[in-house]
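*Asks:* Below: one structure in structure tokens.
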There are 2 protein chains.
Amino acid sequence: MKFIHLGDLHIGKRVNEFSMINDQREILKQIIKVSKSEKVNGIFIAGDIYDKTIPSIEAIELFEDFICKIADLKIPAYIVSGNHDSSERLSTFSKLISLSGIHFSRNYDGKIIPLPLENIDIWLLPFVRPADVRRFFPDIEIGNYQDAIENVVKNLDIDTSRTNILIAHQFVTANGKKPEISDSETSSLGTLDNIDYRIFDNFDYVALGHIHKPQSMGRKEIRYCGSPLKYSFSEVNQNKSITIVEIEDKKIDIKSIPFKPIHEMKEIRGKINNLLKMEKDESYMHITLTDTNVIDAKNKLETIFPNIMKLDFEEYYTNLGEKRDLKTLKEKTIFEHFSDFFEKQTKEKLTNEEKEIVSSILLDIKEAK
Amino acid sequence: MKFIHLGDLHIGKRVNEFSMINDQREILKQIIKVSKSEKVNGIFIAGDIYDKTIPSIEAIELFEDFICKIADLKIPAYIVSGNHDSSERLSTFSKLISLSGIHFSRNYDGKIIPLPLENIDIWLLPFVRPADVRRFFPDIEIGNYQDAIENVVKNLDIDTSRTNILIAHQFVTANGKKPEISDSETSSLGTLDNIDYRIFDNFDYVALGHIHKPQSMGRKEIRYCGSPLKYSFSEVNQNKSITIVEIEDKKIDIKSIPFKPIHEMKEIRGKINNLLKMEKDESYMHITLTDTNVIDAKNKLETIFPNIMKLDFEEYYTNLGEKRDLKTLKEKTIFEHFSDFFEKQTKEKLTNEEKEIVSSILLDIKEAK
């Protein structure tokens with residue numbers, strides 16, 4: 001049987017103030033297309049459906065439209081909530097919705113009933129924190145995520161003669177080695193949420209969400225599919241793709257089909273005159289200018305790069321390390337502050353003509369007050 | 001066929017800071033019971049399911065639990081959104097949920113497809129404002145609610161050889177006569193939202209929500225069922241009940257079965273010593289004290305009436321009409337203000353002993369500053 005493994009959709013997300021909704025609409029369209037062409041038997045979505053616990057109506061409508069199309073294709077879907085979702089809101093009316101083959105994880109209540117599909121048992125584990133597990137096992141010491149998930153899994157009535165698939169949204173490590181993370185995750189940086197992959201020994205495939213770069217943890221069948229889009233510039237070199245899992249009894253084959261996003265995400269640096277000679281590019285851009293004297297840079301660059309998410313001036317950043325003397329700062333006039341700033345930005349001093357312009361502007365401001 | 005007509009549940013509502021959730025849970029339990037005992041063929045819910053467009057998780061879970069029980073009983077439900085609901089949020093996944101016989105109105109999009117049930121066509125009209133209708137009929141002048149709903153109804157493809165039921169949430173008037181309103185509605189007080197009942201001539205029954213007192217408008221078959229609970233003291237004398245509509249071809253019979261709320265709602269007035277002699281009463285109380293000198297009244301009264309929603313002092317209110325001279329007010333000391341206030345409240349002057357107590361308290365406050 002063949003499944004699509006998705007996760008970290010973050011529908012409704014804004015990246016550097018750019019709405020991702022159209023990019024997400026296109027990605028979901030490609031998933032529908034692949035579902036048909038690959039004749040998949042089911043879809044796993046491993047959490048972070050939405051970017052917020054109370055998603056916008058626009059986000060809800062996009063996801064609903066996608067899921068209804070999946071239901072129309074008679075493809076069952078298995079969906080768990082992530083740390084960005086409200087488990088309760090996401091699973092409202094899930095009992096009634098499941099009649100259509102669309103299955104949402106319920107709020108964790110101490111037990112999980114697997115969903116059978118031929119010889120496969122599919123287990124839906126919503127994102128849980130230690131406290132969510134602790135209250136159902138008051139006699140067991142649950143100090144961290146490892147304890148929590150270990151206890152959750154121990155309490156599953158797994159029939160190992162069948163093929164078992166777990167869908168989960170957690171921070172899984174392999175012998176202490178962490179997954180490669182990106183800037184767009186809000187995964188913890190400590191070690192408290194580490195969950196060792198050996199906990200999942202009884203599962204034939206673990207469809208993970210939470211980490212935005214596709215990667216396996218410990219063994220190839222414990223896998224983060226990654227987010228479908230690049231949600232931060234730390235992901236520019238990642239390959240976002242649809243993960244397809246083929247399961248023959250307990251034999252697992254994984255392949256991936258690259259997404260074709262509306263907008264690529266790119267980082268470039270250089271002098272503005274060189275950049276302005278490039279071909280028009282609608283990618284989401286992070287541009288670093290190496291020039292020392294650029295006026296109105298963003299407007300100029302937008303004629304070639306209409307979607308600039310981030311514009312940096314290399315000089316500005318390299319000078320930030322400089323020590324600042326607060327006493328001197330206080331004694332300076334506004335004019336002196338400005339000319340210092342100008343010099344730092346451009347590595348050149350104000351010309352006499354420029355000095356006159358600045359003085360007259362400062363005078364105007366003073367009078368306006 | 002037999003239907004329960006409900007509306008204005010306002011699940012999650014707080015009345016005078018008291019949560020109604022347990023009262024609502026009990027009411028929904030009684031509806032389930034009546035659904036079974038009366039062997040009803042369907043349930044209409046005419047809007048204002050929730051009290052807020054983004055309801056609390058507690059409210060969502062209560063309504064979900066109720067609806068799942070109705071679905072388990074194989075009783076179809078027909079639900080429209082009210083002005084307190086978010087039409088989009090309420091109807092999320094309604095297409096998939098409808099497989100279970102639970103039907104939510106969709107966001108109005110210029111047309112409505114009736115839901116057939118044997119020889120009956122059921123029309124779900126979510127609460128709409130003129131602007132919601134106008135954008136689908138740009139060439140028609142829609143200045144008010146009358147124009148809007150007239151246009152909505154004119155565009156329905158009604159087969160009058162069948163029995164037609166409309167479920168709606170609007171402000172319906174009969175030849176200019178308004179429905180009797182209550183303090184707990186947020187219905188407009190103007191005339192802009194009036195919709196004359198003659199618009200609904202082609203419907204055999206119009207199941208209305210919006211107005212909290214049960215009443216028919218124009219003819220008995222155009223009916224507000226009223227809210228299931230008293231949500232303001234203006235409703236103390238209303239009889240809240242389950243409306244049961246029996247439909248035989250086009251003959252309509254309406255009966256009602258009174259709700260038995262956990263808490264009644266009552267208004268009483270009198271002297272505190274008389275009230276304290278009454279039997280313990282857990283009703284939601286509005287108490288008006290006629291005494292002139294009561295210290296710690298609320299705590300004392302709560303020994304008999306644990307659920308006081310509102311406590312008034314008759315003297316205080318009757319004196320509010322008095323003219324106040326701002327100049328004199330400014331010249332008075334705090335002590336003089338207090339003794340005036342005391343006199344107004346109690347109709348008695350401060351005794352010398354009381355004067356000493358007040359003076360010493362005022363001194364303490366001054367020193368504390």
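*Asks:* Look through region B:129-147, keep the residues that are in contact (Cβ under 8 Å) with a residue 40 or more places away in the chain and not aromatic (Phe, Trp, Tyr), and return whichever of them is surrounded by the most Cβ atoms within 10 Å (Cβ to Cβ). Walk me through how you get there before you give the answer.
*Replies:* First, pick out the residues of region B:129-147 that are in contact (Cβ under 8 Å) with a residue 40 or more places away in the chain: B:144-146.
Restricting the remaining residues to those that are not aromatic (Phe, Trp, Tyr) gives B:144, B:146.
Working: B:Asn144: 15, B:Gln146: 19.
Per the criteria, the residue is B:Gln146.
*Asks:* Look at A:Leu99 and say whether it is under 30 Å from B:Lys95 (Cα atoms) and either more than 14 Å from every other protein chain (Cβ to nearest Cβ) or surrounded by 20 or more Cβ atoms within 10 Å (Cβ to Cβ) (or both).
*Replies:* Values: under 30 Å from B:Lys95 (Cα atoms): yes; either more than 14 Å from every other protein chain (Cβ to nearest Cβ) or surrounded by 20 or more Cβ atoms within 10 Å (Cβ to Cβ) (or both): no.
The answer is no for A:Leu99.
*Asks:* So which residues in region A:35-64 are over 26 Å from A:Met285 (Cβ atoms), small (Gly, Ala, Ser) and within 19 Å of the chain's Cα centre (by Cα)?
*Replies:* A:Ala46, A:Gly47
*Asks:* Go through region A:51-93 and report how many residues are away from every other protein chain (no Cβ under 12 Å) and either touching a helix residue (DSSP H, G or I) at 6+ places or on another chain (Cβ under 7 Å) or charged (D, E, K, R) (or both).
*Replies:* The number of residues fulfilling the criteria is 6.
*Asks:* Here's a follow-up. Looking at region A:14-34, which of its residues are more than 14 Å from the chain's Cα centre (by Cα) and loosely packed, with under 14 Cβ neighbours inside 10 Å?
*Replies:* Selection gives A:Glu17, A:Asn22, A:Lys29, A:Lys33.
*Asks:* Let me ask you something else. Checking B:Asp51 against (1) surrounded by fewer than 17 Cβ atoms within 10 Å (Cβ to Cβ); (2) free of Cβ contacts under 8 Å to residues at least 60 places away in the same chain; (3) not hydroxyl-bearing (Ser, Thr, Tyr), which test does it fail?
*Replies:* The one condition B:Asp51 does not meet is (1).
*Asks:* Please go through region A:183-223 and pick out each residue that is in a loop (DSSP other than H, G, I, E, B) and either modelled with pLDDT of 95 or more or under 26 Å from A:Asp253 (Cα atoms) (or both). Write out each step before concluding.
*Replies:* Quick first cut of region A:183-223, residues in a loop (DSSP other than H, G, I, E, B) only: A:183-194, A:201-204, A:210-214, A:218.
Across region A:183-223, the qualifying residues are A:Asp201, A:Asn202, A:Phe203, A:Asp204, A:His210, A:Ile211, A:His212, A:Lys213, A:Pro214, A:Gly218.
*Asks:* OK, next. Among B:Ile257, B:Ile262, which is the only one that is within 17 Å of B:Asn16 (Cβ to Cβ), within 23 Å of the chain's Cα centre (by Cα), modelled with pLDDT of 90 or more and among the aliphatic types (A, V, I, L, M)? Break it down into steps so the answer makes sense when it comes.
*Replies:* Working: B:Ile257 fails: within 17 Å of B:Asn16 (Cβ to Cβ).
Checking each option against the conditions leaves just B:Ile262.
*Asks:* Exactly one of these conditions fails for B:Lys39: (1) without any contact (Cβ under 8 Å) to a residue 40 or more places away in the chain; (2) within 14 Å of another protein chain (Cβ to nearest Cβ); (3) at positive phi. Give me its number.
*Replies:* (2)
*Asks:* While we're looking at this one, here's another question. I'd like the residue in region A:269-284 that is of a type in the set (A, V, I, L, M) and touching a helix residue (DSSP H, G or I) at 6+ places or on another chain (Cβ under 8 Å) and, out of all such residues, is surrounded by the fewest Cβ atoms within 10 Å (Cβ to Cβ). Full working, then the answer.
*Replies:* To start, the set of residues in region A:269-284 that are of a type in the set (A, V, I, L, M) comprises A:272, A:275-276, A:278.
Subsequent filtering for residues that are touching a helix residue (DSSP H, G or I) at 6+ places or on another chain (Cβ under 8 Å) retains A:272, A:275-276.
Details: A:Ile272: 17, A:Leu275: 21, A:Leu276: 13.
Applying the filter and picking the extreme gives A:Leu276.
*Asks:* Looking at A:Ala174 and the list (1) touching a helix residue (DSSP H, G or I) at 6+ places or on another chain (Cβ under 9 Å); (2) within 21 Å of A:Tyr78 (Cβ to Cβ), which single condition is not satisfied?
*Replies:* Exception for A:Ala174: condition (2).
*Asks:* Sticking with this one: Filter region B:116-144 down to residues that are within 28 Å of B:Phe3 (Cα to Cα) and of a type in the set (Phe, Trp, Tyr), then give me how many there are. Step through it out loud before you land on a result.
*Replies:* Keep residues of region B:116-144 that are within 28 Å of B:Phe3 (Cα to Cα), which gives B:116-129.
From the residues that got through so far, the ones that are of a type in the set (Phe, Trp, Tyr) too are B:123, B:127.
Looking only at that region, the number is 2.
The values are calculated or read from the model by the stated rules, or taken from the named source; none is laboratory data. The structure displayed is predicted, hence computed values, not measured ones. No Cβ is skipped: glycine too gets one built from the backbone with ideal geometry, and neighbour counts run over all protein chains shown.
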